[in-house]
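Peer 1: I have a structure here, written as structure tokens, and I will follow up with some questions on it.
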Amino acid sequence: MSVDNVTAVAPASSRRPWAVRGSVLAVAAAAGVVLLAGPASAHVSVQPQGEAAQGGYATVNFKVPNERDDASTVKLEINLPADHPLTSVMPQPVPGWDVEVTKEKLDKPLESHGNKITEAVSKVTWTAEKDGVAPGTFQQFPVSLGALPDDADQLVFKAIQTYDSKEVVRWIEEPKEGEEPESPAPVLALTAASGDGHGAASDDKSAKPAAGHGDDAEKASSEQAAEDSSDSTARILAVVGILIGLAGVAFGVLSGRRRTTS
């Protein structure tokens, strides 16, 4: 038999790189999906419209995402910090939701604009009139707060989320340095007061801001659009990662078969 008539068969070692490359692509894609899936997990959070300055007033949004595929959120309870009582708490009406403001007497009265304050809001509760927050959606609940404390850099609001399946999720774990709570409470970061010793929104015109109007509403809308865009991008990249992984596996398998049959 002449050498010309012998069909060369590629050794197994020459076929391995293709399979290995496919496996590497698959593993990389899976890792990318895991990394991108992290930020997608959502919990009740709070963000100011603009900024929340120490000693001033601010309008904040409590964002409530629905994390269930087969139930709707029908109730939200926000507990205000007892160590920093707020003299002014005004929720903005949300269509389709009833709101209840609960007040409690203070152990130590507060002074506000020359007035003696003996009670403060301890809890705000929203209850859905009908459908609530459906799966795959979220709802924002705006509240005007003040005066914010001038001796703290953050406020912690403990939230309780109730689904129509009777499931209750308690977002009440306070943040600890170096630890990531499983059910973190919403935390509002406070910025430093302005040079006049008051918050950025402490003048008479903005002491009781109307949530959802003017520049604050436009800024909040822009921030929300940016956040939604970021979430959408993460999901798209996750899908792309999965497709790349599948393509890598298929390429490795087909390459191995071709080398075997050649």
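Peer 1: Within segment 177-193, how many residues are more than 17 Å from S45 (Cβ to Cβ) and either in contact with a Ser or Thr (Cβ under 7 Å, 6 or more places away or on another chain) or among the hydroxyl-bearing types (S, T, Y) (or both)?
Peer 2: So the count comes out to 1.
Peer 1: Another question, if that's okay. Counting only residues that are under 28 Å from S194 (Cα atoms) and open to solvent by less than 70 Å² (accessible area, probe 1.4 Å), give me the strands (runs of 3 or more DSSP E) lying completely in segment 105-177 with at least 1 of them.
Peer 2: 115-128, 138-146, 154-156
Peer 1: Conditions: (1) outside any loop (DSSP other than H, G, I, E, B); (2) loosely packed, with under 15 Cβ neighbours inside 10 Å; (3) at pLDDT 50 or above; (4) not hydrophobic (A, V, I, L, M, F, W, C). S14 meets all but one. Number of the miss?
Peer 2: The one condition S14 does not meet is (3).
Peer 1: Mind listing whichever residues of segment 107-152 are among the acidic types (D, E) and within 22 Å of P91 (Cβ to Cβ)?
Peer 2: E119, E129, D131
Peer 1: Restricting the search to segment 51-101, which residues are loosely packed, with under 13 Cβ neighbours inside 10 Å and assigned to a strand (DSSP E or B)?
Peer 2: Scanning segment 51-101 gives D98, E100.
The values are calculated or read from the model by the stated rules, or taken from the named source; none is laboratory data. Given the structure is predicted, the values throughout are model-derived calculations rather than measurements. Every residue, glycine among them, receives a Cβ derived from its backbone with ideal geometry; neighbour counts consider all protein chains shown. The area values use the complete protein model at the heavy-atom level, side chains included, leaving out ligands, DNA and RNA. Shrake-Rupley method; radii C 1.70, N 1.55, O 1.52, S 1.80 Å.
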